[in-house]
Structures are given as structure tokens and as C-alpha cells.
């Protein structure tokens, strides 16, 4: 069975085929939810934000020109919705109150699983301490796998600015994680 391209699904969705729109949502919902969750650090807010993003995408679907990949266009909308979220609701949650993320992968070794979970939680907590622009860079580069050129295009910045922000974020993450290792 072959998978239909985003462009084909978009054309069909614009013709009123609900199944095509649902296939697009299914294709990207996990990535959008994870992106929103890492940006807002609250599962309920991330679900609401994901819904808001897909509603905005659906309402703007006819304006998608296809100049760039659909995924980039989708995440650009997600980016702007996250900024709007931050403007409406400043994060007041303490780092100590950071919820643990559920891990879908089950491993046979409990020690390995516990170590992976602790490392994941430490990284997640450290990311929440980053300024929004730097957290966004880490998210787009390492979790969404965008190139520097794609990131620069989506954010309307130069490639060098994208690199600079990412490297600054990585330096801060390294510093945060080293402090946690010393404290432990």
C-alpha cells in the first residue's frame, strides 16, 4: 500500500474529502503535540494548542501555495500559535513541578529504563529553563529535524542567526545539566 503525498491529501481536503484531512492530521498530530508539549510544558495546554494549530491550518489550507514543504508551513503556524500562547499565558510553573513524560518504549532492563527516564526528565527540565527562542531552536533542530536553512526560512532569520541561537542554547543546556550532575 502506498502513502499519498501531502499535496494530494491537501487537494482532496480542499475538495471536501474529510478522510484526506484526517489522514493529514494523523500524519502530523504526534509531532505537533510533542512540539507543543515541549514548548508549553503542560499536557493539557499542549492538547489545546494542538487543536488550535490544526484548526488554524484547516482554515488556512486554501492559502497553502506549495512553495515549501507542507511540514514546514505547518510548523510555522505551530510556532506562531506557541508565541500567541506565551503572550496570553506566561509560564508560571516551577521546574520542580515539571510532570514526567510517559515513555512509549518498554525495555526489559529496569535499570536502563530508569536511567533513560531520569536523563529524559533532566533534559526536559533544562529545556524549560531556556529562553523561548533558544528552546524553539533545540525543538526544531533536534526534535523536528529541520535543517538550519529551513529553520531560518520559517523564522525569517539568517542561517547564521539560527546557528548562533542553537549553539547558545546548547551551551546553556550543557551548563544546566552539568550543574545538575554536580548537585546529584
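Bear in mind these aren't lab numbers, they're just calculated from the coordinates by the rules spelled out. Please read these numbers as outputs of a predicted model, since none were measured by experiment. Glycine gets a Cβ as well: all are built from the backbone with ideal geometry, and neighbour counts include every protein chain shown.
I'd like the full set of residues that are in a helix (DSSP H, G or I) and surrounded by 10 or more Cβ atoms within 10 Å (Cβ to Cβ), limited to segment 1-18. Working first, answer last.
Within segment 1-18, the subset in a helix (DSSP H, G or I) is 6-14, 18.
Answer for segment 1-18, where residues must be in a helix (DSSP H, G or I) and surrounded by 10 or more Cβ atoms within 10 Å (Cβ to Cβ): 6, 7, 8, 9, 10, 11, 12, 13, 14.
Considering every residue within segment 19-34, establish whether at least one is buried (at least 16 other Cβ atoms within 10 Å of the Cβ) and outside any helix (DSSP H, G or I).
no
Give segment 59-78 a look and list any residue that's in contact (Cβ under 8 Å) with a residue 40 or more places away in the chain, in a helix (DSSP H, G or I) and surrounded by fewer than 19 Cβ atoms within 10 Å (Cβ to Cβ), or say none.
Passing the criteria: 61, 62, 71, 72, 76.
For segment 135-169, what are the residues that are at negative phi, under 17 Å from the mean Cα position of the chain (by Cα) and without any contact (Cβ under 8 Å) to a residue 40 or more places away in the chain? Lay out the reasoning, then the answer.
In the first step, residues of segment 135-169 are kept if they are at negative phi; the result is 135-144, 146-155, 157-169.
From the residues that got through so far, the ones that are under 17 Å from the mean Cα position of the chain (by Cα) too are 135-144, 146-148, 150-155, 162, 165-166, 169.
Result: 137, 138, 141, 142, 147, 148, 151, 152, 162, 165, 166, 169.
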